[in-house]
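Heads up, the thing below is written out as structure tokens.
The values are calculated or read from the model by the stated rules, or taken from the named source; none is laboratory data. Just so we're clear, the structure is a prediction, and the values are computed from it rather than from any experiment. The protein model used for the area step is the full one, side chains on, heavy atoms only, and it has no ligands, DNA or RNA in it. Shrake-Rupley method; radii C 1.70, N 1.55, O 1.52, S 1.80 Å.
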Amino acid sequence: MMNWLSEFWSAGTPAIELATLRDAPKLAEIHCASFHRGWGESEFESMLSERNTLVHRLRLGRRTIGFAVSRMGADEAEILSIAVDASYRGKGLSSNLLLTHLGHLAGRGVRAIFLEVEENNLPARRLYERAGFAVVGRRERYYRQGGEQLNALLMRRDLS
Ligand SMILES: CC(C)(COP(=O)(O)OP(=O)(O)OC[C@H]1O[C@@H](n2cnc3c(N)ncnc32)[C@H](O)[C@@H]1OP(=O)(O)O)[C@@H](O)C(=O)NCCC(=O)NCCS
């Protein structure tokens, strides 16, 4: 039986690229599997058509396994969503995706980046902290998930 590492390399090397309209169905599939309120194909199509929205896809071989989406306004941006397909999580693939995405935002003149993350989402918090984000605010009971009310942390990173 192959271990995950040999399976991983046989699947191809990871690549991070700008997403196109043709990625909408796959990105919606990954989003819906990753979040309580999933975005549909048409939501991705609109975001992929907007000039102020930046969408990267993470590809392994021929398979798209993740994405990062942010919206830009003046010299600020907000990361709206980032996800990696559940079977490829925990392998460190998200950090290159995020850093490449941040590099493109910097190239577009963005100086400050914000995001919101659910307080108990430790993998996401760790990812953002390692990428240089710091907590700048907390919103009590910001998310509603089933009967639960969860807190949000607001994080910021400046780009120079
Ligand atoms: C957040 C997400 C993109 C991270 O992707 P990933 O490729 O699995 O990330 P990594 O493998 O680099 O792991 C990120 C960090 O979280 C840590 N981590 C993983 N699972 C963890 C857990 N259950 N508890 C605490 N830390 C955990 C990892 O060890 C790693 O930290 P390290 O770099 O110090 O080792 C992925 O988990 C995901 O798609 N989650 C669902 C969608 C989501 O919540 N997106 C963020 C919304 S704000």
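Brief remarks follow.
- Note: relative contact order over the chain, using C-alpha pairs below 8 Å and six or more positions apart, is 17 percent.
- With every protein chain in place, the chain: carbon and sulfur % of accessible area (1.4 Å): 47
- Cα shape, the chain, gyration tensor, a/c 1.5 rule: rounded
- Segment 104-160, accessible area per residue, ligands and nucleic acids excluded (1.4 Å, Å²): 63
- Inter-centroid distance (Cα atoms) of segment 51-88 relative to segment 112-160, Å: 16
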